[in-house]
Amino acid sequence: MRVGGQQRPRRRGGRRGALVLAVAAAGLVLLPVVALLVGVVSGGAEPWQRLGVSGVERQTVSTLALLALVVAGTLALGGGLAWLTAAYRFPGRQVVSWLLVLPLAVPGFVLGLVYASLLSYAGPVQSVSRAAFGDDAWFPPVRTMPVAAAVLTLSLYPYVYLLARAAFRSSAATPYGAARTLGLGPVRAALRVVVPLARPSLAAGALLVALETLSDVATVQYFGVDTLSVGIYRVWRGQFDRPAATVLAVLVLLLALSLLAVERWLRRGARYSPRVLSTAPLAPVRLHGGRAWAAAAVCWTVLGIAVVIPVATLVTWSTTTSLRGVDGSFDTAFVTAAANSALLAAQAAAVVVVLAVLLVHAARVDARRRVRAAVQATLSGYAVPGPVLAIGALLVLAAGRDLLDAAGLPGGGTLVTGSVAALVAVYAVRFLALGFTTVEARLASVSPSLTSAALSLGAAPRRVLRSVHLPLARSGVAVAAVLVAVDAMKELPIVLLLRPVGFDTLSVRVWQLAADSRYEMAGLPALAIVLVAMVPVALLFRRELRDAPAAAPAPVESRDGVDDELRLVLAGTGR
Amino acid sequence: MTAAAVVGVTRRFGRTVAVDDVTLEVGDGELLALVGPSGCGKSTLLMLLAGLLEPDAGTVHVDGRQVAGGGHWVPPEQRSVGVVFQDAALFPHLRVEDNVAFGVSRRGGRDERVQQLLELVDLSGYGRRYPHELSGGQQQRVALARALAARPRAVLFDEAFGNLDAGLRASVRDHTVAALREEGAAGVFVTHDQAEALAVGDRVAVMNGGRLEHVGVPEHAFHAPASRFVATFLGEADFLPGTQAGRQVRTEVGVLPAVVDDDAADDAVDVMLRPHEVTFVADGRGGAVVSAREFRGASYLYTLRLASGATVRSLQPHTVEHAVGTEVRVEVQAGHPVRSFARPA
């Protein structure tokens, strides 16, 4: 028997490539986290003293309170709307059930900007109130945590809504019917059967919401809420105190990891997912008369507050003031910011898509556990909140500068003062999971046995990539590029913390103008972001249309529309 | 000469041991049926052979070359092992002829080879079609042609006929066996259908709970199974208590020549009786009673309660009609020594 060990090295190269690539990508993703942990340990107690225990305590408490409010709010609003549109028929249900996803296109820092302005002392609401009730009339304070939580709830509930709706539609029909025949009324049947069945999806949605809330540094500041992430921003951008920022970043990271653990625990029953048990969609019950109109009114009210009013306000501001600078001349700052945003987004998308395709490919062709584990590790970037990632990256860059200086090489300084290249790298880490899941979702509708077949027919990995994976994943690659570019346009905390001096993007400009209370000026950049962010929502709509029963199934398409939608939602949100 | 082999192979998924210390080889040109209930690890074993999974322990050999284990790893594309999947796994964006040509080197005679294979699976005119324009049975035959075109030492079939309906299934299977014989490639058929396993394999390997319980020619596996599990998995079987004496077992229905269980600690054994080996006569000198009757079209399956209360089943032609309650005398006509198992403690 010839014993192995004489494989031709030429062919082995492809496999070593897969491992090297996966391990390198995993290292890139984990490096900032490792740097943070090293930083917090080597920093000792001194940064804690600078921060002050009471301050950190206060920020932690308000972070937890905000998380609790927003998670509860989104579960109630998103879950409730999902059940309303899945279980009942009322006028306009079809249209409204799609439109309810639209708030995804209005990021919290834009929605917050609009309401901070509308509800301010000089804003229309208080003006009307004063005109009606006199100058001394009481008006509830606006710069408070409940208002911040309400704004975040309105902009984040679609995560819960989409996941819950997919769960209700795909799994609830038979168990719900069974519960009704066993004598439970609609509400009790929903609470005792549908909610427990949807628990994994609700937990997944709530986790997305919680991580976004944790990352937020802008919305909360409009309303005077002092969270840990706000603390990171202040300590770094205000005092350039890296050790103190590191301490806060580690606290936020620990919070994120605990949230992840809670979600895991809540999902523990997910493997009993009844998706296989039931294929019949839930048959919605028709509502009549007042109830039908009430149901429609609820949906339209949410849409009005979360989408129509903000967009209308932004349009008004844009047309009246935005293009004129302070002195009335054309606002070139907007054009520069838009160009910067586009540049950053395009570069991030390109890097992410190339990496994502290679990683998806590596995971599919290589059966070895090391490769799969490394690929899995690269996806963990999604669980690291933006500000945490930014500070971690900062530490890595500082270490890089020290290395360069020690070696006597130039260029170390630009590493820490910020550079577009560093921003692109951090965005790549942040959005790699988004790109990966999108490309993988496209390939997931292609049976894994296809890859196995190609390999067992003697095709080397490179050929499998060229002749099988790329042709079949092409549309997924395009969608991934779009989604990453859009998310990069919307991104604020990372660019806020890491941007080079004078490098403004659209989101940074919105934030700065809002912080200066120059709300109308922020209209145009904010509107630009909202319009760009509509693209993924439009993609989602297209998919819904395509998967509608009337549409003829294309030969290569996936068989399970609901699953597909879920994947796109997860992908579209970077998870 | 062995075409492919696994030696002491183990593979875990988390805490589950999917394949547990399995050793098995397939000879050149041999057809081996790998059968077992779902979840028994048979598909995992196939993936280990093909190089689509890595073993946790043990070694894998193809054509005398070690391809996995002990620090060796030969990726699937260099193993010369073809796989035919349950879903056919045809490349949806390639025509039938391009699918078949996928594994054939560009040099010399690729088109001829493709035509030859398409003829072999009876699909000569279909080269220009796309996979979705074919029926399920045709897709399976293209998958077979594609696997064979690369001249593999062995072709693995992962429940490859499971998606086809019964009539089509037999014909595709016959096609497959003929094509494999023609090409001289070894074949490993994973299936959970014991009738298919007995019909297709030169040898049958029965797996249960990750372990190999029996390997042998189909007749042997059926008549002298290595374990009670194998006995009941491969066909209907009843176990009747008896006392072992040399090469014979004394039972309620007579003294039967037996293949004795080497593990039997004492004389108390159970003999395996299959319904077709049991007959009865209704001559009034019985001791047994017909307790149930199931109509099976061409035959009746009788359940007979013996004096001791034990039951055996008897398969009779539909012309042998007896009502439930009839007193009968049971006889065993096995035509071979019956298998006896040690009585579980």
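The values are calculated or read from the model by the stated rules, or taken from the named source; none is laboratory data. Remember, it's a predicted structure, so these values are computed and weren't measured experimentally. Note that we place each Cβ from the backbone using ideal geometry, even for glycine, and neighbour counts take in every protein chain shown.
Residue by residue through region B:65-85, note down the ones that are more than 8 Å from every other protein chain (Cβ to nearest Cβ) and either aromatic (F, W, Y) or in contact with a helix residue (DSSP H, G or I) (Cβ under 9 Å, 6 or more places away or on another chain) (or both).
B:A68, B:V84
Test B:G167 against the stated conditions and say whether it is part of a helix (DSSP H, G or I), away from every other protein chain (no Cβ under 14 Å), modelled with pLDDT of 90 or more and exposed (fewer than 14 other Cβ atoms within 10 Å of the Cβ).
no
Is it fair to say B:V96 is buried (at least 21 other Cβ atoms within 10 Å of the Cβ) and within 7 Å of chain A (Cβ to nearest Cβ)?
So B:V96 does not fit the description; no.
Has region A:48-63 got any residue that is at pLDDT 90 or above, surrounded by fewer than 19 Cβ atoms within 10 Å (Cβ to Cβ), of a type in the set (D, E) and in a helix (DSSP H, G or I)?
yes
Do the conditions hold for B:L46, that is, is it assigned to a helix (DSSP H, G or I), among the hydrophobic types (A, V, I, L, M, F, W, C), more than 10 Å from chain A (Cβ to nearest Cβ) and in contact (Cβ under 8 Å) with a residue 40 or more places away in the chain?
Judged against the criteria, B:L46 is a match.
Can you pull out the helices (runs of 4 or more DSSP H) entirely within region A:77-147 that have at least 3 residues that are in contact (Cβ under 8 Å) with a residue 40 or more places away in the chain and in contact with a His (Cβ under 7 Å, 6 or more places away or on another chain)?
Correct list: empty, since no element meets the threshold.
Scan region A:115-161 residue by residue and report those that are within 21 Å of the chain's Cα centre (by Cα) and either surrounded by fewer than 12 Cβ atoms within 10 Å (Cβ to Cβ) or under 23 Å from A:S517 (Cα atoms) (or both).
A:A148, A:A149, A:A150, A:V151, A:L152, A:T153, A:L154, A:S155
For region A:365-400, which positions are within 14 Å of chain B (Cβ to nearest Cβ), in a helix (DSSP H, G or I) and among the aliphatic types (A, V, I, L, M)?
Within region A:365-400, A:V365, A:V371, A:A373 qualify.
Can you say whether B:E236 is outside any strand (DSSP E or B) and among the charged types (D, E, K, R), as far as the supplied structure shows?
When the stated conditions are applied, B:E236 passes them.
Can you find even one residue in region A:10-31 that is modelled with pLDDT of 85 or more, at positive phi and not charged (D, E, K, R)?
No, region A:10-31 contains no residue that is modelled with pLDDT of 85 or more, at positive phi and not charged (D, E, K, R).
Tell me which of these B:Q66 doesn't satisfy, since it passes every other one: (1) within 28 Å of the chain's Cα centre (by Cα); (2) touching a residue at least 40 places away in the same chain (Cβ under 8 Å).
Among (1) within 28 Å of the chain's Cα centre (by Cα); (2) touching a residue at least 40 places away in the same chain (Cβ under 8 Å), the lone unmet condition for B:Q66 is (2).
Exactly one of (1) more than 23 Å from the chain's Cα centre (by Cα); (2) over 22 Å from B:L49 (Cα atoms) is unmet by B:Q78. Its number?
Of everything listed in (1) more than 23 Å from the chain's Cα centre (by Cα); (2) over 22 Å from B:L49 (Cα atoms), B:Q78 misses just condition (2).
Between B:A4, B:A88, which is in a strand (DSSP E or B) and either more than 29 Å from A:A373 (Cα to Cα) or more than 8 Å from chain A (Cβ to nearest Cβ) (or both)?
Exactly one residue qualifies, and that residue is B:A4.
Would you please name the residue that is farthest from the other protein chains (Cβ to nearest Cβ), looking only at residues in region A:458-493 that are surrounded by 24 or more Cβ atoms within 10 Å (Cβ to Cβ) and not in a helix (DSSP H, G or I)?
The extreme case among them is A:L492.
Looking at (1) outside any helix (DSSP H, G or I); (2) modelled with pLDDT of 90 or more, can you tell me which one B:F161 breaks?
Tallying (1) outside any helix (DSSP H, G or I); (2) modelled with pLDDT of 90 or more, B:F161 fails exactly one: (2).
Confirm whether A:P500 is surrounded by fewer than 24 Cβ atoms within 10 Å (Cβ to Cβ), within 30 Å of A:L403 (Cβ to Cβ), away from chain B (no Cβ under 14 Å) and at pLDDT 85 or above.
Considered against the rule, which asks whether it is surrounded by fewer than 24 Cβ atoms within 10 Å (Cβ to Cβ), within 30 Å of A:L403 (Cβ to Cβ), away from chain B (no Cβ under 14 Å) and at pLDDT 85 or above, A:P500 comes out as yes.
Test A:P410 against the stated conditions and say whether it is on the phi < 0 side of the Ramachandran plot, outside any helix (DSSP H, G or I) and in contact (Cβ under 8 Å) with a residue 60 or more places away in the chain.
For A:P410, the condition - on the phi < 0 side of the Ramachandran plot, outside any helix (DSSP H, G or I) and in contact (Cβ under 8 Å) with a residue 60 or more places away in the chain - is not met.
Of a type outside the set (K, R) and within 18 Å of the chain's Cα centre (by Cα): does that describe B:A160?
It is true that B:A160 is of a type outside the set (K, R) and within 18 Å of the chain's Cα centre (by Cα).
Quickly run through region B:51-64 and pick out the residues that are more than 8 Å from chain A (Cβ to nearest Cβ) and charged (D, E, K, R).
Correct list: B:D56, B:D63.
Determine, yes or no, whether A:L455 is without any contact (Cβ under 8 Å) to a residue 24 or more places away in the chain, part of a helix (DSSP H, G or I) and within 30 Å of B:A143 (Cα to Cα).
No: the conditions fail for A:L455.
Considering every residue within region B:102-115, establish whether at least one is within 29 Å of the chain's Cα centre (by Cα), within 9 Å of chain A (Cβ to nearest Cβ) and within 29 Å of B:K42 (Cβ to Cβ).
Scanning region B:102-115, I find at least one residue that is within 29 Å of the chain's Cα centre (by Cα), within 9 Å of chain A (Cβ to nearest Cβ) and within 29 Å of B:K42 (Cβ to Cβ), so the answer is yes.
What residue, among those in region B:128-152 that are more than 25 Å from B:R65 (Cα to Cα) and not in a helix (DSSP H, G or I), is nearest to the other protein chains (Cβ to nearest Cβ)?
It comes out as B:Y130.
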